[in-house]
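In what follows, a structure is listed as structure tokens, so that the remarks can point back to it.
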Amino acid sequence: MKREHAPSVLAILDDDKAVQSALQDLIESEGMSTICFDSAEQFLDSRARHQASCLIADIGMPGMSGIELQARLKAEQCAIPIIFITARGDIPLAVSAMKEGASDFFAKPFEGGAFMVAIEHALEKNKDVRRKALEHADLLSRHCSLTPREQEVLPLLVSGLMNKQAAAQLGITEYTVQVHRGHIMRKMRADSFAALVRMGERLNPRSP
């Protein structure tokens, strides 16, 4: 019986066509889509790192290795989860890759059931990363809707200053700070001041 999945595309990166085919058969039997690449360079030249929900990559390949690809993606702040597949002799490299944030690794040959469980975990991780990225983008959009003065007032308020203290620091009246505070709460869609403080902590705007 196939598992239920939201539409997911998994990228398979291996220079061995037989391995690609075997992984495709396993993954697509579970109702997911795959796209295959023969090299890290080919993968980087595509849009897959922005579209795929998980990358399954061999560690030892001609040209750019899986480890080098991982470092490149990390430098580009690409958060796609990576499951490495390795020859037995590459296990120390795989352990190192795990320390650098890889989702999992499997030494060939491996058992299909455990591999699919690892894919499930990677997909959940990817979903969580994407959700947080969307939430942060929405928060930044709300922050950008504030006027320059409101953006000055916000970090003072969330740092714990009273309206009177914030007013003195900005050289405006306490009433003006109260007005700005009301506008900030509305534009940031904060249902309480505690919620606004949490937003401020996530944004970490610099105090003027």
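The values are calculated or read from the model by the stated rules, or taken from the named source; none is laboratory data. The structure presented is a predicted model; accordingly, all values stated were derived computationally and were not measured. All Cβ positions, glycine included, derive from the backbone under ideal geometry; neighbour counts span all protein chains shown. All accessible areas refer to the heavy atoms of the entire protein, side chains included, with ligands and DNA or RNA removed. Shrake-Rupley method; radii C 1.70, N 1.55, O 1.52, S 1.80 Å.
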Over 21 Å between C-alpha atoms is what I'm after, so list which of 74/99; 125/187; 127/187; 17/74; 74/108 land there. 125/187; 127/187; 17/74; 74/108
What 222 nm value per residue comes from the helices of the chain, counting each DSSP H run with n ≥ 4 as -39,500 (n - 2.57) and dividing by all residues, nearest 500 deg cm²/dmol? -17500 deg cm²/dmol
Nearest-ten-degree value, helix 148-158 long axis tilted from longest Cα axis of the chain: 80
Just the accessible area per residue of the range 77-178, please: how many Å² with a 1.4 Å probe? 55
Round to a whole number: what % of the accessible area of the range 55-146 belongs to carbon and sulfur, probe 1.4 Å? 60
Highest GNM mean-square fluctuation among 184, 67, 12, for the chain with Cα springs under 10 Å, belongs to 184
Could you give the C-alpha radius of gyration of the range 116-179 expressed as a fraction of 2.2 N^0.38 Å, taking N as the number of residues it contains? 1.80
Can you give the accessible area of residue 201, probe radius 1.4 Å, in Å² rounded to 10? 130
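Quick check for me: using +1 on Lys/Arg Cβ and -1 on Asp/Glu Cβ, what's the dipole size of the chain about its Cα centre, in debye to the nearest 20? Mind showing how you got there, number by number?
Values: 25 positive and 27 negative charges, 270 e Å.
Here the chain has a charge dipole of around 1300 debye.
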For the chain, set up a GNM with springs between Cα atoms under 10 Å and report which of 113, 60, 101 has the largest fluctuation. 113
What is the gain in length, in nm to one decimal, between residue 72 and residue 29 on full extension, counting 0.36 nm per residue of separation less the C-alpha to C-alpha distance? 12.4 nm
Kindly state, to the nearest 0.05, the FRET efficiency for residue 47 paired with residue 121, given R0 = 30 Å and r defined as their beta-carbon distance. 0.80
Helix 66-75 vs. the chain, principal-axis angle (Cα, 0 to 90°, nearest 10): 10
Name the residue from 148, 172, 65 whose Cα lies farthest towards the positive end of the charge dipole of the chain, charges +1 on Cβ of Lys and Arg and -1 on Cβ of Asp and Glu. 172
Compute the angle between helix 193-203 and the longest alpha-carbon principal axis of the chain, please, reported from 0 to 90 degrees and rounded to the nearest 10. 50
Please check: in the Gaussian network model of the chain (C-alpha springs, under 10 Å), which one of 42, 151, 169 has the largest mean-square fluctuation. 169
In whole angstrom, largest first, the equivalent ellipsoid semi-axes that the Cα gyration tensor gives for the chain are 48, 17, 14
Between residue 64 and residues 5 or more places away or on another chain, the pairs with built amide H atoms under 5 Å apart involve 40, 41
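Using a/c under 1.5 as the rounded threshold, could you call the range 155-206 rounded, prolate or oblate? The axes a ≥ b ≥ c are square roots of the C-alpha gyration tensor eigenvalues, and prolate needs a/b larger than b/c, oblate otherwise.
Oblate is the answer for the range 155-206, as a/c is 1.5 or above yet b/c matches or exceeds a/b.
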